[in-house]
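Enquirer: The structure follows.
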Amino acid sequence: MMISFFENFFELQKGIHQMLFSWVPFSVGDLLYIILGAFLLYYAITLFRKERRNNSLIRILMIINIFYFIYQVFWGMLYFQTPIIKKLASQKEPDVEKAKRLAITYLEKCKTTRQSVKEDGNGVFIMTNLTSIQKEILSQQAKLPSYISGKKAPQILDIKPSLFKNIMSFTGILGYYNPFTAEAQYNSELPHTFIPFTTAHESSHQLGFAREQEANFVGYLIGIHSNNLELRYSTEFFTLKSLLRFIVEEDPEFVENILHQYSPAMKRDRAYEKSFVLSHQGWLDDFFGFTNNLFLKSNQQEGSVTYSYFIDLLLNYENT
Ligand SMILES: [Zn+2]
């Protein structure tokens, strides 16, 4: 009862925010974060001056409290929705053999789709029309199986390049959803193999799926049936990589063998992704990697096998 109230409230809030902000060509939410950051920095500096200390401390606590409250009401409550896994017919533990069969299927899919997309002078995958990818994502949102998503899919384009793309490249963050303005942001500096799927992922948050791995799964459902080959390749490539990351814990030789079987074009895409990650490694990445690990560990039961919730959803959804 309570959750459906917040789900409806989310739709209302999103409708108003998209009316206000979707037509603005840049991310209003990013601008909001910059202004907020400037205020916090200003009050933090004045903390060092004795006569203003109390006043500044109250201001800082007030800002944090207000934003935390708005965040919870606009977004945080959506974490209490029924998990997608409970809506699937099968709810088994991920099975490595099944993952291997799927990895072979997705390798073949990737190889085929990759033949029909464009590449740059270095033979690396490029997108030709991001707007048509975004429109395709919106139209696929409306076709999601109703037992998984009963959400409304308003066909409003509200996906924007992040103003923080330079910093983002060094943090390993591909995109994010802004709960205060209902905008979806992606890092436009990323290798193109990442961008269409990242956009589908962020659009799934925008649709109302808060959990990270559920956004991956809904993004997967959006991309995998698409007639837009650039979106489909990006999604198939993401799915294959996720499967391999799961399998490598149990059978590294199998993964090595699959990597060998990548088509030359896929190998070039993989090499480009790797070189991008390597050239953007730094202290920020270490910091975020560290906090991320800390966060994941605190949410995981001790001693359990490490697989992502996305793999759990994928293997239970696919009947191979
Ligand atoms: Zn996300």
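The values are calculated or read from the model by the stated rules, or taken from the named source; none is laboratory data. Note that this is a predicted model, so its numbers are computed, not measured. Please note: Cβ atoms are built from the backbone with ideal geometry, for glycine as well, and neighbour counts cover all protein chains shown. Only protein heavy atoms, including side chains, enter the accessible area calculation; ligands, DNA and RNA are left aside. Shrake-Rupley method; radii C 1.70, N 1.55, O 1.52, S 1.80 Å.
Enquirer: Please identify the DSSP H helices in the chain that span no less than 15 Å along the helix axis (Cα) and have a mean Kyte-Doolittle hydropathy of -0.5 or more.
Expert: Answer set is 2-21, 28-46, 53-74, 130-141, 195-207, 212-224, 229-247, 283-298.
Enquirer: Check the straight Cα-Cα distances from Lys151 and name the aspartates and glutamates below 13 Å, setting aside those fewer than 8 residues away within the same chain.
Expert: Glu7, Glu11
Enquirer: Also, I was wondering about something else. Which order do the peptides 68-80, 169-181, 100-112 come out in when sorted by mean C-beta neighbours inside 10 angstrom, highest first?
Expert: Ranking the peptides 68-80, 169-181, 100-112 by packing returns 169-181, 100-112, 68-80.
Enquirer: Averaging over every viewing direction, what projected area does the convex hull of the Cα atoms of the chain cover, in nm²?
Expert: If I average the Cα hull's projected area over directions, I get 18.7 nm².
Enquirer: Continuing with this model, one more query. Distance check, please: which entries in Lys111/Lys135; Lys111/Lys143; Lys118/Lys152; Lys87/Lys152; Lys92/Lys143 exceed 23 angstrom between their Cα atoms?
Expert: Pairs exceeding the cut-off: Lys111/Lys135; Lys111/Lys143; Lys118/Lys152; Lys92/Lys143.
Enquirer: Evaluate the charge dipole of segment 59-152 about its Cα centre and quote only its size in Debye, nearest 20, assuming +1 on the Cβ of each Lys and Arg and -1 on the Cβ of each Asp and Glu.
Expert: 280 debye
Enquirer: Sort 124-135, 185-196 by the packing proxy (mean of other Cβ within 10 Å over each peptide's residues), most packed first.
Expert: In decreasing order of mean packing, 124-135, 185-196 become 185-196, 124-135.
Enquirer: Please enumerate, by chain and number, the lysines with C-alpha under 27 Å from the C-alpha of Lys50, excluding those fewer than 8 residues away in the same chain.
Expert: Filter leaves no residues.
Enquirer: Pull up all non-local amide H partners of Glu119: gap of 5 or more, or a different chain, and H-to-H distance under 5 Å with H placed in the peptide plane.
Expert: Correct list: Ile126.
Enquirer: Please report, for the Cα atoms of segment 2-79, the Rg to one decimal and the Dmax as a whole number; what are they, in angstrom?
Expert: 16.4, 48
Enquirer: To continue, here is another question. Can you give the accessible area per residue of segment 1-122, in Å², using a 1.4 Å probe?
Expert: Per residue, segment 1-122 has an accessible area of 66 Å².
Enquirer: Which FRET efficiency value, to the nearest 0.05, is calculated for Thr128 and Asn257 with the Förster distance at 30 angstrom and r the Cβ-Cβ distance?
Expert: That gives a FRET efficiency of 0.40.
Enquirer: Using the beta-carbon distance between Arg53 and Lys86 and R0 = 45 Å, what value does 1/(1 + (r/R0)^6) give for FRET efficiency, to the nearest 0.05?
Expert: FRET efficiency, Arg53 to Lys86: 0.35.
Enquirer: If you roll a 1.4 angstrom probe over the protein chains with everything in place, what fraction of the accessible area of the chain belongs to carbon and sulfur, to the nearest %?
Expert: On the chain, the fraction of accessible area on carbon and sulfur atoms equals 61 percent.
Enquirer: Here's a follow-up. Based on the Cβ-Cβ distance of Ser4 and Ser139, what FRET efficiency does E = 1/(1 + (r/R0)^6) give at R0 = 30 Å, to the nearest 0.05?
Expert: Result of the calculation: an efficiency of 0.70.
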